[in-house]
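What follows is one structure encoded as structure tokens, with my remarks underneath.
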Amino acid sequence: MEKVVIIGTGPAGLTAAVYAARANLDPLVIEGFQPGGQLTTTSEIENYPGFPDGVDGTELMTLTRKQAERFGTRFKAGEVTEACLDCRPLTLMLSDGEKIEAQTIIIATGASAQYLGIESEQKLIGRGVSGCATCDGAFYRDVPVAVLGGGDTAMEDALFLTHFASKVTVIHRRDQFRASQIMADRVVAHPKIEVLWDTVVEEVLDVEKNEVTGLKVRNVKTEVLSELAITGLFVAIGHKPNTGPFAGQLDTDHTGYLITNNTRTNIDGVFAAGDVQDSIYRQAITAAGTGCAASIEAERYLEGME
Ligand code: NDP
């Protein structure tokens with residue numbers, strides 16, 4: 001039986017692994033469907049302490065993984081498909097059919113990009129609609145694209161896309177960005193970026209052609225409908241916590257984020273760290289911080305069991 005199983009390899013999971021390994025808890029980390037987590041789909045991280053010139057997201061996660069490995073962390077590829085958190089020992093089923101039993105579990109499964117959910121958008125995902133500018137931006141050289149959203153992700157995506165696209169239109173449903181001022185200022189000042197305020201996407205064109213040729217948009221103040229010619233739509237409207245295998249077993253808030261008290265969930269021996277339990281800060285550094293806290297909590301819990 002494992003002492004500590006950590007699910008997820010973003011900053012929360014890997015930091016938990018560094019701490020658990022250094023505490024001689026011999027942690028096992030389940031890598032998940034996106035090894036390295038969301039930071040591997042972002043470009044430069046400028047606000048992670050210790051990197052005055054910024055650091056590439058994938059590089060940061062590769063370094064943190066090496067640090068965890070140095071102290072003996074074991075990694076296993078695959079996803080958790082089912083969990084029994086009422087069982088003792090705690091039990092996880094993996095995508096390859098393996099069953100893992102553990103005294104403690106740290107859930108650090110993060111959050112995933114959200115989409116609008118309208119039919120035309122769903123049909124064109126992967127055919128001009130993307131949830132990841134860093135992954136797909138380079139496919140859109142010298143063509144016009146749009147970014148939907150007004151948060152930091154939308155700002156970062158829009159700025160990143162200016163390296164490739166002929167023009168970037170940011171579409172935001174309000175007349176003010178949610179993003180940090182510095183990012184918003186960069187977007188507004190950029191000569192290749194135009195902002196459509198108070199605007200929502202009604203339809204992605206053209207499902208018939210099976211490729212994105214434009215958008216039908218509506219100004220929410222004037223109710224005027226218009227069309228925007230673009231070949232790529234990057235949706236950056238937030239994220240959803242990845243709690244699927246634990247559904248119905250752990251307390252969540254009304255948006256689905258796990259409720260924690262100093263990283264402890266409502267089930268003894270089950271801890272959560274990072275974006276899966278944080279709808280407020282959602283930063284790499286806060287995720288790493290809660291990963292550390294969850295590991296210390298797990299260690300204390302195990303000591304209490306002895
Ligand atoms: P946010 O939740 O911050 O922003 C989501 C944006 O999408 C909001 O502007 C929201 O509009 C808009 N939106 C949500 N739903 C819809 C919808 N159905 N239709 C149209 N628009 C919609 O998510 P982010 O992913 O941008 O950021 C998440 C966190 O990560 C934040 O804390 C952010 O600061 C952080 N982050 C930091 C970065 C950095 O520092 N380098 C980079 C990227 C993210 P409205 O404003 O009206 O609610």
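Just so it is clear, none of the values below were taken in a lab; they were calculated from the coordinates. This is a predicted model, so every value here is computed, not measured. As a convention, Cβ positions derive from the backbone with ideal geometry for all residues, glycine included, and neighbour counts pool all protein chains shown.
Summary of computed values
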read-out: Stretch gain in nm, segment Asp185-Ile285, where the contour uses 0.36 nm per residue and the Cα spacing is subtracted; value: 33.7 nm
read-out: Dipole of region 126-251 [Lys/Arg +1, Asp/Glu -1 at C-beta], most positive-end residue of Asn210, Val224, Ala184; value: Ala184
read-out: Peptides ranked, highest mean first, by Cβ atoms within 10 Å: ranges 97-110, 243-256; value: 97-110, 243-256
read-out: Cβ-based exposure ranking for Met1, Met93, in which fewest neighbours within 10 Å come first; value: Met1, Met93
read-out: 3J(HN,Hα) from dihedral phi, region 172-187, Karplus parametrisation 6.51/-1.76/1.60, rounded to Hz, x for glycine, proline; value: 10, 6, 10, 9, 8, 6, 7, 4, 4, 4, 4, 6, 4, 4, 4, 5
read-out: Proxy reagent accessibility, fewest Cβ within 10 Å first, across His172, His239, His163; value: His163, His239, His172
read-out: Rounded if a/c under 1.5, otherwise prolate or oblate - region 1-43, Cα gyration tensor axes; value: oblate
read-out: Total charge dipole magnitude, the chain, about the Cα centre, Cβ charges on Lys, Arg, Asp, Glu only, Debye to nearest 20; value: 240
read-out: Ordering of 155-161, 198-204 by packing [mean C-beta count within 10 Å, highest first]; value: 155-161, 198-204
read-out: For region 30-87, size of Cβ-based charge dipole, Lys and Arg +1, Asp and Glu -1, in debye; value: 340
read-out: Order of Ile280, Ile193, Ile6, Ile259 under a 10 Å beta carbon neighbour criterion, fewest first; value: Ile280, Ile259, Ile193, Ile6
read-out: Candidates Pro241, Pro144, Pro191, ranked by Gaussian network fluctuation over the chain, Cα under 10 Å, top entry; value: Pro191
read-out: Size of electric dipole in region 212-259: Cβ of Lys, Arg +1 and of Asp, Glu -1, about Cα centre, debye, nearest 20; value: 180
read-out: Sequence-separation-based contact order of the chain, relative, with Cα cut under 8 Å and 6+ spacing, percent; value: 21
read-out: Tensor-based shape of region 156-199 (alpha-carbon gyration tensor, a/c under 1.5 rounded, otherwise prolate or oblate); value: oblate
read-out: Sum of -39500 (n - 2.57) over DSSP H runs of 4+, divided by residues of the chain (222 nm, nearest 500); value: -7500 deg cm²/dmol
read-out: Calculated from backbone phi, Karplus (6.51, -1.76, 1.60) coupling profile of region 11-17 in Hz, x at Gly/Pro; value: x, 5, x, 6, 5, 4, 5
read-out: Overall form of region 53-92 per C-alpha gyration tensor (a/c, 1.5; a/b vs b/c); value: prolate
